[in-house]
Structure formats: C-alpha cells, structure tokens
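Chemist: I have a structure I would like to understand better, so I am pasting it below and will then ask my questions one at a time.
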Amino acid sequence: MIIVGDNMDIKFKIDEFEGPLDLLLHLIKESKMDIFDIQIEEITKQYLAYIESQEKLNLEIASEYLVMASELLEIKSKMLLPRNEEELEIEEEDPREQLVSRLLEYEAYKEITKTLKAKEDDRRDIYTKMPENVNDYIENRNYLESGLNIEDLTNAFLKFLQRKEAAKPLKTKVTVKEISVSSRRRDIKKILKKEKKVSFFKLFPVVTKEYIVATFLAILEMAKNNELLIKQKDTFEDIVCEVPNGK
Amino acid sequence: MENKIAVLEGLLFVVGEDGLSLEQIMGILEINEEEAKELVKLLKKNYEDDSRGIRIDFLGNRFKLTTKKEHKEYYQKLLERSDSNVLSQAALETLAIIAYNEPVTRMQVDTLRGVASSQMIRKLVAKGFIKEAGRSDLLGRPILYETTNDFLDYFGLSTIDDLPDMRDFLEKEEEENEDTDLYRSKYIEEEA
C-alpha cells in the first residue's frame, strides 16, 4: 500500500529529472539526509509517493523509475530482517552500500557536467574557420604510363564497345512444342498399321518428359479401347504392342 | 626561421578548424620536435600583440588559429549566436561518463546513469563527439565507445588530461573513509 504524503510538495515534474538516480538525489537533498546514512524507509516512502503523484498527472513513468522503486523496497526489507547473533558477528555489508556508491558516483558526474557546461560556454566565445578548400592546389597526378596518348584511349574505348556488342545475347526464339495424347495416338496407329507389331520401347524415340508421358497415356488409352494389345512373354522380355486380332 | 614562421601561419590558416598536430608540423616543415615547438611558441608570441586579432590555441590535440576571447562581442554582433544550440543535460552527463571511463560499453553507461542511453549514444556518435573503439571482451562482444578530438575542442580542452579530476567531485564521508576506491566502484564489473 502506498501512502501519499500530504505534506509533500511536488515542485518538479518527472521529465525534469534525468533518471531515478537524479530523482533520488533530489529527494535526499530535499529532506536534508546524509547521503552516507540514508533513511531508507523514509526515502522509499517519498520516492513511491512521488511516482504515484506523477502517475496521477498522467505522466509516463519510464520503467527505470519502477526498477529503482523495487530496489528501494528490497533494501528496505533487508534492513528490516532481524539478524541473529551469528550473523551479527560476521560483518555484513550494509544493504544500502551499493546504492550509496551509485548515488555518489552519479552525483560526481552531475557535478562535472556543470564544469563542462562552463567550458562549453567559454569555448563558444572563440571562433575558428572552416578548412580551406585546397582541391585547386592539388597537382594533377598522371596515372597513365608514359607513351600513352588520346588515340590509345579512343582505341581502348572502341574495343570496349566491341566487347560489349559481342557480349550481347544472340537473338533466339524459344518455342514450346506441344505434344498431345491424341497426336501420339495417331502416330502409334500409323506405325501399327505399317508394322502390325512393334516393341514398346520403340514407341519412345524422343526422351523428353512431355513426350514420354503423352506416349504412355496414348498406349494405355488405346489398350483400353482395344485398339492395341500389350504382350510380354516372360518377365524382363521385350514388351510388344500389336494390332489386336480381327482389326 | 622567419620564413618557416610565415609558412606555419599559412598552414594554420589553410587547415582552419581541423588544426595541425605537432607531428604534422614536423613532417611538413621537415624540422624536429624541439624546433616545431619553438616555432609554434614564436608565432604564438607574435599573436599576443594587441594589434593582432587571432591567436594559436591547442584544442583537441591540434594547434588551431582562433579568434581572441576579448573580442567576442564583435563576433557575436556579426554572427547571430543561438544560445539554444548547446548540449542538453542528458548529453553532457553521457559525455562525462564516457570521457572518464573510456573506452566503455553502452551497458556501463546505462548502469552509471541509471537510464537507457542507446539513443543518446547514437546522437553523440552522429555529432562526432564519440566514436566506436573496438569491442569489449565481455559477453556478446559489445561495442566500446570513446571521446574524439572534436569533443575536446568543443569544451576547449587540449587533451583528455585537461578534464578536471573526478575525485574532486566525489562527496566524502565526514570521518576517514576506508573505501576510497569509489571511483571505480565494483558494481560496474558485476553488472556489466
């Protein structure tokens, strides 16, 4: 449960702080605490109250602030834990120690930015100028081997043009020859009329996928329609297609 | 020698804000380090005369010609100075942290600031105040950042050693504090 301190004066909005460390330092200074002896319970209360007040103002609270809130609560709970005698003998680290060193270091950087700011301001009182454009003074470097002249360059360019011409793809026409089952049927019929009997394999003179499929379908269709008989004497013997009897 | 002074003056004029390093002066004028230093000193002295409008400054590890501070009001009349064009508190904070810890990873900056800094770091890289400086051996080999000569110049610093001593800014506990090594506090290593 978070209790909002009624007496707390909210003077600063959250976006005026650079982060949770900045806010925490501000709260510590405001309540005139010794940074080396932070009253965690009090400062946690203030911190949470501040965050809540900002949420009430519908200001977005960056997740870093919430992480710090949970860290404060963790330290607070550690400090509340009763310690037995054994633990007291071992000199234990103050749960606040890490937070204190972080705050001190952050504070130091914050102080340094004031010095930097002053230096930035000072530096703005003096002016320098853009570097001169010295391109005009750079001597033309001759990268060509001696003995070369404009004609060589022209020839080289012409040769390049020729090569480019040669590299062009030749004009070709790509056509797809369509093979239909019915055309293959007609072909096979013709062959059978002439030969009466033909080896199955001889019906596939062209080995392309389309040709084989169309021919095979034609043979099956003709066999079904009784226009052709498929015979094989024995396993692995030649398959023979022939005109059925009486046709 | 006079002749070389004139050349040095011309060189400094040509390079403008880019400035010249001592090594460059030595190389171009074909003189040794001592002579180069002496030459710069002589020219510097020349400029000290009240009748001269420029001076030599050592900014960001380079010698540069700059105007004199005491004439600033005239320049400000000439150039409309926009005071809004200064770095934000967040930018200053991030720069300070990088300058005192360089080379550092973004994670280390985040930890010290207590807020995410990736956008700010990107901005500072774009402004040329910091640059990548290889990668850390930490897990994931994160990019390391360090400040540039432009950073030094912007704050009127000659070298990185001109930064004020960090220890002067650390609040000390009343009684003798044994843990004087707060400057490099251990959580950096633990959390990075």
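Chemist: In segment B:97-122, which residues are more than 10 Å from every other protein chain (Cβ to nearest Cβ) and either of a type in the set (F, W, Y) or not in a helix (DSSP H, G or I) (or both)?
Modeler: Residues satisfying the conditions are B:E102, B:P103, B:V104, B:T105.
Chemist: Take B:F13 and decide whether it is surrounded by 15 or more Cβ atoms within 10 Å (Cβ to Cβ), closer than 25 Å to A:D125 by Cβ and touching a residue at least 40 places away in the same chain (Cβ under 8 Å).
Modeler: So B:F13 does not fit the description; no.
Chemist: Considering only segment A:227-246, state which residues are under 22 Å from A:K194 (Cβ atoms) and assigned to a loop (DSSP other than H, G, I, E, B).
Modeler: A:E227, A:L228, A:D238, A:V243, A:P244, A:N245, A:G246
Chemist: Could you please find all residues in segment A:170-203 being of a type outside the set (D, E, K, R) and without any contact (Cβ under 8 Å) to a residue 12 or more places away in the chain?
Modeler: Answer for segment A:170-203, where residues must be of a type outside the set (D, E, K, R) and without any contact (Cβ under 8 Å) to a residue 12 or more places away in the chain: A:L170, A:T172, A:V174, A:T175, A:V176.
Chemist: Among the numbered conditions (1) modelled with pLDDT under 95; (2) on the phi < 0 side of the Ramachandran plot; (3) not in a helix (DSSP H, G or I), tell me where B:A126 comes up short.
Modeler: (3)
Chemist: Is it the case that some residue within segment A:119-130 is away from chain B (no Cβ under 14 Å) and at pLDDT 85 or above?
Modeler: no
Chemist: What is the residue count in segment B:63-84 for residues that are under 20 Å from B:L157 (Cβ atoms) and more than 10 Å from chain A (Cβ to nearest Cβ)?
Modeler: Going through segment B:63-84 one residue at a time, the tally reaches 1.
Chemist: If I ask for residues that are in a loop (DSSP other than H, G, I, E, B) and either farther than 13 Å from A:P131 by Cβ or of a type in the set (A, V, I, L, M, F, W, C) (or both), which ones from segment B:1-29 would you list?
Modeler: Listed by number, the residues that qualify are B:M1, B:S21.
Chemist: Oh, and also: Just to check your reading of the model, which residue among B:I54, B:I25 is more than 8 Å from chain A (Cβ to nearest Cβ) and in contact with a strand residue (DSSP E or B) (Cβ under 6 Å, 6 or more places away or on another chain)?
Modeler: B:I54
Chemist: Six or more apart or on different chains, Cβ under 9 Å: which pairs go from a residue in segment B:43-62 that's within 25 Å of B:Y154 (Cβ to Cβ) and not assigned by TED's automatic domain parsing to the domain that holds B:D161 to one that's among the β-branched types (V, I, T) and assigned to a helix (DSSP H, G or I)? Could you list them?
Modeler: B:L43/B:I5; B:I56/B:V40; B:F58/B:V40; B:N61/B:I160; B:R62/B:V15
Chemist: Answer yes if at least one residue in segment B:30-41 is out of contact with any Ser or Thr (no Cβ under 9 Å at 6 or more places or on another chain) and within 22 Å of A:N133 (Cα to Cα), and no otherwise.
Modeler: No, there is no match, as no residue in segment B:30-41 is out of contact with any Ser or Thr (no Cβ under 9 Å at 6 or more places or on another chain) and within 22 Å of A:N133 (Cα to Cα).
Chemist: Looking at B:L163, is it at pLDDT 90 or above, in contact with a Lys or Arg (Cβ under 9 Å, 6 or more places away or on another chain) and among the aliphatic types (A, V, I, L, M)?
Modeler: In short, no.
Chemist: Tell me which residues, restricted to segment B:129-148, are under 16 Å from B:L92 (Cα atoms) and either within 14 Å of chain A (Cβ to nearest Cβ) or assigned to a strand (DSSP E or B) (or both).
Modeler: B:F129, B:I130, B:K131, B:Y145, B:E146, B:T147
Chemist: Still on this structure: Just the residues that are part of a helix (DSSP H, G or I) and without any contact (Cβ under 8 Å) to a residue 24 or more places away in the chain, please, taken from segment A:204-226.
Modeler: A:K209, A:I212, A:V213, A:F216, A:L220, A:A223, A:K224
Chemist: Additional query: Any residue that is among the aliphatic types (A, V, I, L, M), under 30 Å from B:A133 (Cα atoms) and surrounded by 15 or more Cβ atoms within 10 Å (Cβ to Cβ) - is there at least one of those in segment B:63-77?
Modeler: Checked against the condition, which is being among the aliphatic types (A, V, I, L, M), under 30 Å from B:A133 (Cα atoms) and surrounded by 15 or more Cβ atoms within 10 Å (Cβ to Cβ), segment B:63-77 yields at least one hit.
Chemist: Of the residues A:L73, A:L21, only one is closer than 18 Å to A:E97 by Cα and within 14 Å of chain B (Cβ to nearest Cβ); which?
Modeler: After ruling out the rest, the residue left standing is A:L21.
Chemist: Within the group B:T66, B:T94, which residue is in a strand (DSSP E or B), of a type outside the set (A, V, I, L, M, F, W, C) and under 21 Å from the mean Cα position of the chain (by Cα)?
Modeler: B:T66
Chemist: Same structure again: Looking at (1) in contact with a Leu (Cβ under 7 Å, 6 or more places away or on another chain); (2) of a type outside the set (S, T, N, Q); (3) under 18 Å from A:N245 (Cβ atoms), which one does A:K231 not meet, given that it meets all the others?
Modeler: (1)
Chemist: From (1) modelled with pLDDT of 85 or more; (2) under 41 Å from the mean Cα position of the chain (by Cα); (3) more than 14 Å from every other protein chain (Cβ to nearest Cβ), pick out the condition that doesn't hold for A:V174.
Modeler: (1)
The values are calculated or read from the model by the stated rules, or taken from the named source; none is laboratory data. The model shown is predicted, which means the values in this text are computed figures rather than measured ones. No Cβ is skipped: glycine too gets one built from the backbone with ideal geometry, and neighbour counts run over all protein chains shown.
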